[in-house]
1. Report relative contact order for segment 3-173 in percent, whole number only (criteria: Cα-Cα under 8 Å, sequence separation at least 6).
2. If we count other beta carbons within 10 Å of each Cβ, what is the order of 319, 251, fewest first?
3. Quick check: convex hull over the Cα atoms of the chain, volume per residue in Å³, rounded to an integer?
4. Rank by packing, highest mean first: peptides 219-226, 83-90, 21-28, with packing defined as the count of other Cβ atoms within 10 Å averaged across residues.
5. Classify segment 50-145 from the C-alpha gyration tensor, please: rounded if a/c falls under 1.5, else prolate or oblate depending on whether a/b exceeds b/c.
6. With all distinct Cα pairs included, what does the Kirkwood hydrodynamic radius of segment 1-122 come out to in Å, to one decimal, could you say?
7. How big is D for segment 1-73, in µm² s⁻¹ as a whole number, if Stokes-Einstein is applied with the Kirkwood radius of its Cα pairs at 10 °C and 1.306 mPa s?
8. What is the Cα centroid distance between segment 253-331 and segment 143-191, reported in whole angstrom?
Ligand SMILES: CC(C)(COP(=O)(O)OP(=O)(O)OC[C@H]1O[C@@H](n2cnc3c(N)ncnc32)[C@H](O)[C@@H]1OP(=O)(O)O)[C@@H](O)C(=O)NCCC(=O)NCCS
């Protein structure tokens with residue numbers, strides 16, 4: 001049996017910056033509040049009309065193919081993790097497959113909110129281990145600005161747009177790649193974090209638009225509390241099962257939800273600060289894309305054999321943790 005390794009990584013962020021000063025001209029907020037409560041200084045926004053998550057996703061995928069020297073025809077499967085699909089149907093995976101010319105690939109979307117990357121990696125891991133597919137792309141593409149209410153000061157500072165993609169392939173070296181993971185769902189979290197309308201429960205009407213129900217609705221305090229305790233418990237479980245103490249972990253890569261959440265989880269795990277990878281200051285919360293975006297930014301630091309613990313939490317609630325050994329040396 002083979003292990004599933006990440007053999008390449010690439011990302012895309014739109015050029016347009018939305019910084020805290022610009023936000024303070026849109027809603028009643030200020031740089032000091034956002035910096036201390038959320039830890040974000042700026043985020044990228046895809047402003048061009050007619051372009052969605054799929055646009056960013058296909059650019060990340062094309063870059064990934066180019067940087068890894070992979071023939072698009074060799075890709076068997078593309079899994080797209082997104083909460084901001086281009087369309088309610090069909091899948092954004094089918095859009096990206098077409099635009100990136102992955103003519104032999106099958107694909108579908110995964111909706112696991114901010115946990116989308118590690119959940120999709122677990123699916124890729126299962127396919128690789130079963131031998132069903134040999135070259136899989138996991139792409140996380142999130143135009144969060146499409147569901148962010150820029151009149152709601154308690155949510156709009158948090159989110160940003162981005163896409164990131166990894167190539168997942170088999171390796172005979174069983175010390176590399178995905179080693180272990182666990183995932184959970186607690187549907188009682190639904191009322192605390194959701195988009196209230198636009199789904200089959202409450203299809204779009206003039207009224208739902210007027211009530212601004214097509215944006216993220218969030219009860220920040222409840223989400224904060226669960227995010228910290230659930231990322232902590234799943235990380236601890238994975239560490240315990242694999243006899244991983246802090247000394248053995250090279251990098252801790254939490255979902256970049258909020259700097260205070262990252263620090264609270266890191267501190268409770270007693271993770272040395274230099275091992276915690278953080279880029280939220282420049283990106284905001286890019287949902288499923290946040291972990292691979294962070295890995296891509298810091299890939300120059302990551303070496304083959306480095307032990308990485310990732311954890312994520314999102315709407316649902318859904319959360320989990322994954323232990324993976326990096327398989328690429330920096331260029
Ligand atoms: C959203 C979040 C930053 C809000 O911080 P908080 O400390 O819980 O703040 P509260 O919502 O209790 O609001 C505190 C005060 O700040 C005010 N406030 C809210 N947003 C503000 C803003 N952008 N600028 C200035 N003041 C703001 C509130 O109105 C409130 O004022 P009041 O005390 O006069 O009523 C925080 O709850 C959080 O990070 N939650 C988790 C969010 C998250 O990560 N979600 C994604 C998970 S995947």
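Read the figures in this text as sums done on the coordinates, not as results from a lab. Everything numeric in this text was worked out from a predicted model, so none of it was measured. Note: ideal-geometry Cβ built from the backbone for every residue, glycine included; neighbour counts use all protein chains shown.
1. Working: 364 pairs, mean separation 59.8, N = 171.
Rounded, it is 35 percent for segment 3-173.
2. 251, 319
3. About 129 Å³ per residue, rounded to a whole number.
4. 83-90, 219-226, 21-28
5. Details: a/c = 1.74, a/b = 1.20, b/c = 1.45.
Because a/c hits 1.5 or more and a/b fails to exceed b/c, segment 50-145 counts as oblate.
6. 16.5
7. 104
8. 11
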